[in-house]
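See structure below.
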Amino acid sequence: MAEHTNLRVEGLDAWYGEAQVLRDVSIDVEPGEVVTLVGRNGAGKTTLLRSIMGLHRQTKGEMSFGGTALGRTSPDKRAKLGIGWVPDDRGIYATLSVLENLTLPPVVDKDASWSLDQIFEHFPVLHTRRDFPGTKLSGGEQQMLAMARPLRMGSSLLLLDEPSEGLAPVIVQQIGEIIREIKSRGVSVLLVEQNVKFASTVADRHYLLAQGRVVESLGNEEFQSRTTELLEYLGM
Amino acid sequence: MGSFIQYTLQGLAAGGFYALAALGLAVIFGVMGVVNFSHGAMYMLGAVASAVLLKELGVGFWGAIVLVPILLFLFGVLIERTLVRWLLALDPLYNFLLTFGLTLIIVDLVKKKYGVSGLPYELPAGLDGRLAIGGVSLSKYQLFAAVFSVLMCLLVWLLLTKTRIGMIVRAATEDSERSRALGINVGMWVTPVFGFGIALAGLAGVLASPFRAITADMGTNFIIILFAVVVIGGLGSILGAVMAGFLVGLVEAYGQAYAPAFAQVLIFVLMAAVILIRPSGLFGREEVS
């Protein structure tokens with residue numbers, strides 16, 4: 001099943017009205033790979049994730065997932081193909097309990113789907129709070145829930161938008177461990193991250209984005225050795 | 001004391017119409033982002049339909065309470081499929097204007113067919129007359145209307161909180177874009193939700209028919225109060241719509257009893273006070289920036 005999980009984006013342009021925010025972006029994510037998008041605010045990272053999910057529609061270019069061309073496919077169909085959505089605001093439903101938040105999305109791949117027991121084993125806090133309304137969770141707990149949701153669906157690619165934002169170092173470390181666990185199961189992750197130090201502890205490869213363009217693509221070792229120079233170049 | 005209880009019952013009965021109709025408005029707004037201006041006209045159609053069913057076909061109140069919501073559900077589905085759906089992708093203002101235009105058309109068509117004077121309606125057998133409870137004389141019909149609306153609201157509440165369909169509707173009400181990104185085909189629920197919302201407005205109309213004047217214009221004032229109800233309860237809050245519906249009904253009834261000149265004004269004073277203290281309404285969530 002591993003060969004089904006790769007994402008390919010080719011020559012993607014995106015606009016908000018008249019303003020072009022992505023220019024000729026080409027990236028790919030191989031099965032079981034953790035790839036980050038690094039760039040300052042406004043570089044187009046979130047727009048790229050939203051375009052892949054099908055939420056941002058003002059785009060031109062080619063996208064395919066697991067060999068299936070995405071074209072104008074609706075977001076819910078993309079989710080059913082195995083693209084898992086973890087937005088930067090975590091996207092927890094306030095009117096739904098923790099358990100309902102987990103079970104609301106459909107299971108898209110029975111074999112890859114984590115059972116509730118598995119989820120609770122890896123995220124014990126979600127078990128203790130299963131009947132709490134979504135908003136009564138702390139920021140870290142909300143992030144755990146947001147990441148557990150696509151795992152329960154059985155998504156084969158997670159679009160993770162700034163999971164470490166605003167969280168205590170110990171929680172960020174936990175999230176890092178979860179990402180490694182996800183990866184070890186052959187699930188790929190496309191990670192938007194401002195916390196470059198964190199990104200370099202989990203990622204295999206990095207794409208550097210500036211003003212809507214991919215300006216560099218490099219492996220994690222090179223990224224680590226040139227971090228200071230690269231960040232200066234990006235103005236971060 | 002006796003008259004106070006009578007006014008309270010009257011308020012709860014009227015509040016029941018507001019609560020049911022506002023519930024429909026809130027679900028439609030939540031799932032579709034459509035502010036349905038025609039909700040008052042649908043309420044009027046519910047009342048007119050029950051009067052016509054009685055006069056033309058001899059179908060009484062109990063038949064109407066089942067039939068009319070079904071008819072309005074179908075009418076809602078028709079309108080959603082043929083008109084509302086095509087404007088969903090555009091600015092919400094377009095559907096607001098569309099439903100406003102629909103209101104004018106529906107009201108004038110009803111005027112043309114049935115005139116401007118009220119249509120007659122009779123209280124259903126068994127619900128006419130009064131009931132003396134502990135020395136307080138209460139209208140049987142108002143008692144029924146209050147209890148029935150509370151039960152209906154509870155039923156809808158159970159549907160929304162205890163079933164998977166309800167969970168999906170709540171999720172889509174809260175954030176329909178996010179729900180799509182999580183694999184839920186929100187579009188599939190849009191048509192039945194619109195029909196359901198319209199059916200609730202129609203049900204409120206049936207309930208109102210035995211004790212309100214049934215005219216083509218009865219929805220005009222109703223929709224304005226309904227918007228006040230939704231603002232007081234909190235836009236997009238289902239619980240808020242129900243609670244504010246009963247609250248506004250009570251305020252209106254007490255106003256009519258103790259300060260008749262200010263009865264209508266009081267509702268809007270209440271609305272202004274709520275907006276000042278809690279801009280997002282009694283049960284609304286603060287805007288997340």
### Query
How many Å³ per residue does the convex hull of the Cα positions in the protein assembly as shown occupy?
174
### Summary
Order by accessible surface, 1.4 Å probe, largest leading, for residues A:E181, B:E80 comes to A:E181, B:E80
### Query
Does any residue of region A:36-79 lose at least 40 Å² of accessible area with all protein chains in place compared with its chain alone, and if so which ones (probe 1.4 Å)?
A:L55, A:D76
### Task
Scan chain A and note any complete DSSP helix (H) whose C-alpha atoms cover at least 15 Å along its axis and whose Kyte-Doolittle average is 0.0 or more.
A:169-184
### Query
Under a straight-distance cross-link criterion of Cα-Cα below 18 Å, which lysines are reachable from A:K77, leaving out those fewer than 8 residues away in the same chain?
A:K110
#### Entry: Shielding by partners - mean other protein chain Cβ count within 10 Å, residues of B:182-191
6
## Note on the structure
Listed by chain and number, the lysines with an alpha carbon less than 25 angstrom from that of A:K197, same-chain partners under 8 positions apart left out, are A:K45, A:K183
### Task
Please identify, among B:I79, B:I224, B:I214, the residue showing maximal mean-square fluctuation in a Gaussian network model of chain B using a 10 angstrom Cα cutoff.
B:I224
### Query
What is the magnitude of the charge dipole of the protein assembly as shown about its Cα centre, with +1 placed on the Cβ of each Lys and Arg, -1 on the Cβ of each Asp and Glu, and no other charges, expressed in debye to the nearest 20?
1560
### Query
Taking only DSSP H segments of four or more residues, each worth -39500 (n - 2.57), what value at 222 nm results for chain B once the sum is divided by all its residues, to the nearest 500 deg cm²/dmol?
-24500 deg cm²/dmol
## Note on the structure
Given Cβ charges of +1 for Lys and Arg and -1 for Asp and Glu, the option among B:L155, B:L104, B:L123 whose Cα lies farthest towards the positive end of the dipole of region B:94-182 is B:L155
### Message
Keeping all protein chains in the complex and leaving out DNA, RNA and ligands, what accessible area do you get for A:K77 with a 1.4 Å probe, in Å² to the nearest 10?
### Response
120
### Ranking by accessible area, most exposed first, for A:W85, B:W189, B:W62 with a 1.4 Å probe
B:W62, B:W189, A:W85
### Query
Ordering B:V59, B:V190 by how much accessible area each has at a 1.4 Å probe, largest first, what is the list?
B:V59, B:V190
### Query
With each pseudo-label sitting 7 Å past Cα toward Cβ, what's the B:I5-A:S74 distance in nm, one decimal?
5.4
### Task
Quote the relative contact order of chain B in percent (integer), defining contacts as alpha-carbon pairs under 8 Å separated by 6+ residues.
38
### Under 24 Å from the Cα of B:K111 - lysines, other chains or at least 8 residues apart
B:K55
### Summed buried accessible surface, chains B and A, 1.4 Å probe, nearest 100 Å²
1800
### Query
With the Cα gyration tensor of region B:167-289 giving a ≥ b ≥ c as the square roots of its eigenvalues, does the rule (a/c under 1.5 for rounded; else a/b larger than b/c for prolate; else oblate) give rounded, prolate or oblate?
oblate
#### Entry: For B:Y121, solvent-accessible area (1.4 Å; no DNA, RNA or ligand), Å²
40
### Query
Using a probe of 1.4 angstrom, how much of the accessible area of region B:2-277 is carbon and sulfur, in percent?
73
### Summary
Any DSSP H helix in chain B with Cα axial reach of 18 Å or more and mean Kyte-Doolittle score of at least 0.0? Listed by number, the hits are B:2-32, B:39-57, B:61-79, B:92-114, B:140-162, B:186-208, B:218-233, B:238-258, B:263-277
### Summary
Rounded to 0.05, the calculated FRET efficiency for the beta carbons of B:K140 and B:K55 at R₀ = 22 Å is 0.45
### Query
What number, in percent, do you get for the relative contact order of region B:139-280 if the mean sequence gap of Cα pairs under 8 Å and at least 6 apart is divided by its residue count?
14
### Query
To the nearest 10 square angstrom, how much accessible area does B:F246 have with a 1.4 angstrom probe?
30
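The values are calculated or read from the model by the stated rules, or taken from the named source; none is laboratory data. It should be emphasised that the depicted structure is a prediction, and the values quoted were computed from it without experimental measurement. Virtual Cβ from ideal backbone geometry, glycine too; neighbours counted across all protein chains shown. Side chains included, ligands, DNA and RNA excluded: accessible areas come from the protein's heavy atoms. Shrake-Rupley method; radii C 1.70, N 1.55, O 1.52, S 1.80 Å.
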